[in-house]
Amino acid sequence: MNIKVIKNDAELDAAMKRLEALALANPEPTGEVADEIELLSLIISDYENKHYPIEAPTPVEAIKFAMEQRGLKPKDIAPCFGSLSRTYEVLNGARGLSLNMIRRLHQQYAIPAHCLIGQP
């Protein structure tokens, strides 16, 4: 096992190929193979987080994603907003979320509160 810090995309590709090969050859890894898989996962994750960060969604993006995943229409989530017209105002960006709306959306649809607040 010769693992080092990933410094460029070519090294990232090589590490990912090695990880894939190990995972396919060892469905239930143990010992040194398990350690190598864990280390590769950590250095790959570290490199990707530094070079390809994923931004948190806006509150409206988080709501629309939750709706899409559950096959919901605005009328289905309107109770969280108080009315259908207020739902459309929020979804179109004309109105912000109130604390009560955030609470209801979080409780009803398990949308992470930090996404609804708009903080990472």
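The values are calculated or read from the model by the stated rules, or taken from the named source; none is laboratory data. This structure is a prediction, so every number in the text was calculated from the model and none was measured. All Cβ positions, glycine included, derive from the backbone under ideal geometry; neighbour counts span all protein chains shown.
Counting only helices (runs of 4 or more DSSP H) that sit completely within region 14-113, those holding 3 or more residues that are among the hydrophobic types (A, V, I, L, M, F, W, C) and in contact (Cβ under 8 Å) with a residue 24 or more places away in the chain correspond to 31-51, 59-70.
Just give me the residues in region 18-51 being within 23 Å of the chain's Cα centre (by Cα) and β-branched (Val, Ile, Thr), in sequence order. Hits for region 18-51 are Ile37, Ile43, Ile44.
For region 84-94, does any single residue satisfy the condition of being of a type in the set (Val, Ile, Thr) and surrounded by 14 or more Cβ atoms within 10 Å (Cβ to Cβ)? Let's see the steps before the verdict.
Of region 84-94, the ones of a type in the set (Val, Ile, Thr) are 87, 90.
Filter once more, keeping what is surrounded by 14 or more Cβ atoms within 10 Å (Cβ to Cβ): 87, 90.
For region 84-94, residues of a type in the set (Val, Ile, Thr) and surrounded by 14 or more Cβ atoms within 10 Å (Cβ to Cβ): present.
If a residue must be under 16 Å from Phe65 (Cβ atoms) and of a type outside the set (Val, Ile, Thr), how many such residues does region 76-91 contain? Selection size over region 76-91: 3.
Just one of the numbered conditions (1) under 30 Å from Ala10 (Cβ atoms); (2) at pLDDT below 95 is not true of Tyr47; which one? For Tyr47, the failing item is (2).
Counting only residues that are in contact with a helix residue (DSSP H, G or I) (Cβ under 9 Å, 6 or more places away or on another chain), surrounded by 11 or more Cβ atoms within 10 Å (Cβ to Cβ) and of a type in the set (A, V, I, L, M, F, W, C), region 1-33 holds 9 of them.
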